[in-house]
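The values are calculated or read from the model by the stated rules, or taken from the named source; none is laboratory data. Predicted model, so just to flag it, every value in this text is computed and none were measured. Ideal geometry is used to build each Cβ from the backbone, glycine not excepted, and the neighbour counts take in all protein chains shown. When the accessible area is computed, the model is the full protein with side chains, heavy atoms only, and any ligands, DNA or RNA have been set aside. Shrake-Rupley method; radii C 1.70, N 1.55, O 1.52, S 1.80 Å.
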Amino acid sequence: MELEVRHLRALCAIADTGSLHRAARQLGVAQPSLSTQLRRIEQELGGALFVRARTGCRPTPLGRLVLSRARPLVTELRSLVTEARAAAVGGRQLRIGSTASRALAGWLRRLRLHWQEPTLHMDVSANALLRMVADGQLDVAFVHEVEGFPLRVPEGLRTRVLVEREPQCVSLPADHPAAAHPVVHLSDLAGDRWMIDPAVDGEWDAVRRVLHAAGISPRVLHGDYHTAASLVAIGEVVTVCQPTSPSRPETAVRRLHGDPLGVRLLLAARTESELEGVYPDLAEAYREVARQAPAYREWLEDPVPGP
């Protein structure tokens with residue numbers, strides 16, 4: 001077997017996450033497939049690269065040597081591809097569309113190194129952003145697709161999955177009794193008012209389905225999530241939120257028991273080359289915010305909520 005860049009990326013992912021399970025999730029592959037790939041790499045290089053233990057994977061001395069050479073190669077190749085694609089389009093301004101995400105700031109910061117100052121168009125409707133890409137009003141769109149409610153992807157668009165399933169959390173007042181636990185049951189929130197933004201494609205339908213399945217029918221207010229965040233802070237409502245959302249002194253972000261709500265994160269463009277030019281920076285920015293969010297970091301380490 002001849003070593004390829006994808007093999008080096010896999011080694012870096014295992015080292016960064018400390019786990020074959022988490023590395024496979026990050027790379028978007030099945031864990032058995034990644035395990036097989038690692039064995040073949042180790043056979044090619046002549047020794048074990050990681051020590052496997054119940055607490056995870058850690059590099060062996062040979063692994064540390066290989067990683068010290070692999071990381072700069074992966075970084076340089078990523079920069080080469082990004083800069084080449086930017087040059088191929090004449091250094092023109094990149095037009096980005098996105099639904100709300102904590103990864104946006106880091107993504108834009110990285111893109112500025114290779115492009116002119118990108119423009120940004122925000123919209124709560126992922127379907128609206130996809131239409132704008134198809135119509136040539138945007139170059140790429142970073143959107144989320146609510147589980148069970150597929151987006152209407154216009155014909156001809158190319159998509160790349162960033163995260164196959166991102167569990168959605170709940171934001172509640174810090175002094176709420178349920179906030180004392182890392183995992184919240186929906187029944188603990190039956191007496192609360194919920195605020196949901198019905199303009200987010202599929203969101204209200206998904207939340208309504210989940211609440212009905214839990215056998216509860218709480219009071220629901222409709223409004224945007226900026227307003228919801230303010231109302232959560234003063235104890236008026238609880239609301240669905242992304243796992244990368246930060247907890248604040250007045251609020252707490254907690255996992256929902258059983259992870260009943262999920263979204264798929266997608267990047268869309270008209271061509272594969274446009275996707276390839278911006279995807280690596282987005283993936284890196286997303287990993288950065290995921291590591292900074294306690295509730296999400298716990299889920300990544302233990303994706304099965306406790307009782």
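So if I check each of ARG291, ARG270, ARG297, ARG219, which one is among the charged types (D, E, K, R), more than 18 Å from the chain's Cα centre (by Cα), more than 21 Å from THR159 (Cβ to Cβ) and open to solvent by 40 Å² or more (accessible area, probe 1.4 Å)?
On the way: ARG291 fails: more than 18 Å from the chain's Cα centre (by Cα); ARG270 fails: more than 21 Å from THR159 (Cβ to Cβ); ARG297 fails: more than 18 Å from the chain's Cα centre (by Cα).
Sole residue among the options that is among the charged types (D, E, K, R), more than 18 Å from the chain's Cα centre (by Cα), more than 21 Å from THR159 (Cβ to Cβ) and open to solvent by 40 Å² or more (accessible area, probe 1.4 Å): ARG219.
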Per the filter on the stretch 1-28, residues free of Cβ contacts under 8 Å to residues at least 60 places away in the same chain, open to solvent by 20 Å² or more (accessible area, probe 1.4 Å) and among the small types (Gly, Ala, Ser) are ALA15
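Inside the stretch 204-216, can you point out the residues that are open to solvent by 20 Å² or more (accessible area, probe 1.4 Å) and on the phi < 0 side of the Ramachandran plot?
We begin by selecting, within the stretch 204-216, every residue open to solvent by 20 Å² or more (accessible area, probe 1.4 Å); these are 204-205, 208-209, 212-216.
Selection gives TRP204, ASP205, ARG208, ARG209, HIS212, ALA213, ALA214, ILE216.
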Residue set LEU162, LEU151, LEU113, LEU130; condition open to solvent by less than 30 Å² (accessible area, probe 1.4 Å) and more than 18 Å from the chain's Cα centre (by Cα); output residue LEU130
Residues in the stretch 222-246 that are under 12 Å from TRP194 (Cβ atoms), in a loop (DSSP other than H, G, I, E, B), open to solvent by less than 60 Å² (accessible area, probe 1.4 Å) and not aliphatic (A, V, I, L, M) total 1
Expected single match for touching a strand residue (DSSP E or B) at 6+ places or on another chain (Cβ under 8 Å), open to solvent by less than 20 Å² (accessible area, probe 1.4 Å) and modelled with pLDDT under 95 among LEU94, LEU172 is LEU94
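Sort out which residues of the stretch 185-201 are open to solvent by less than 20 Å² (accessible area, probe 1.4 Å), of a type outside the set (Asp, Glu) and within 22 Å of GLY148 (Cα to Cα), and write them in order of number. Explain how you work it out, then say what you get.
Of all residues in the stretch 185-201, those open to solvent by less than 20 Å² (accessible area, probe 1.4 Å) come to 189, 194-197, 200.
Filter once more, keeping what is of a type outside the set (Asp, Glu): 189, 194-196, 200.
Passing the criteria: TRP194, MET195, ILE196, VAL200.
Would you check if GLY306 is modelled with pLDDT under 95, more than 30 Å from GLN93 (Cβ to Cβ) and open to solvent by 40 Å² or more (accessible area, probe 1.4 Å)? It would help to see each step written out before you state the result.
Values: modelled with pLDDT under 95: yes; more than 30 Å from GLN93 (Cβ to Cβ): yes; open to solvent by 40 Å² or more (accessible area, probe 1.4 Å): no.
Considered against the rule, which asks whether it is modelled with pLDDT under 95, more than 30 Å from GLN93 (Cβ to Cβ) and open to solvent by 40 Å² or more (accessible area, probe 1.4 Å), GLY306 comes out as no.
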Residue pairs qualifying under the 6 Å Cβ cut-off, at least six apart or on distinct chains, with the first in the stretch 29-56 being under 14 Å from SER19 (Cβ atoms) and the second being not in a helix (DSSP H, G or I), are PHE50/CYS57; PHE50/PRO59; VAL51/ARG58; VAL51/THR60; GLY56/GLY18; GLY56/SER19
Residue check, ARG85 among the basic types (Lys, Arg), open to solvent by 70 Å² or more (accessible area, probe 1.4 Å) and at pLDDT 85 or above:
no
The residue that is farthest from HIS226 (Cα to Cα), considering only those in the stretch 97-109 that are open to solvent by 30 Å² or more (accessible area, probe 1.4 Å) and not in a loop (DSSP other than H, G, I, E, B), is ARG109
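State yes or no: is ALA180 open to solvent by 30 Å² or more (accessible area, probe 1.4 Å) and either in contact (Cβ under 8 Å) with a residue 24 or more places away in the chain or farther than 13 Å from ARG95 by Cβ (or both)?
Numbers: open to solvent by 30 Å² or more (accessible area, probe 1.4 Å): yes; either in contact (Cβ under 8 Å) with a residue 24 or more places away in the chain or farther than 13 Å from ARG95 by Cβ (or both): yes.
Criteria met by ALA180.
Is it the case that the stretch 247-266 has a residue that's in a helix (DSSP H, G or I) and either without any contact (Cβ under 8 Å) to a residue 12 or more places away in the chain or crowded, with 19+ Cβ neighbours inside 10 Å (or both)?
If we filter the stretch 247-266 for residues that are in a helix (DSSP H, G or I), which is where we start, we get none.
Scanning the stretch 247-266 turns up no residue that is in a helix (DSSP H, G or I) and either without any contact (Cβ under 8 Å) to a residue 12 or more places away in the chain or crowded, with 19+ Cβ neighbours inside 10 Å (or both).
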Residue count, the stretch 41-56, condition modelled with pLDDT of 90 or more and part of a strand (DSSP E or B), comes to 2
Among residues of the stretch 57-78 being assigned to a helix (DSSP H, G or I) and within 17 Å of SER19 (Cα to Cα), the residue most open to solvent (accessible area, probe 1.4 Å) is ARG64
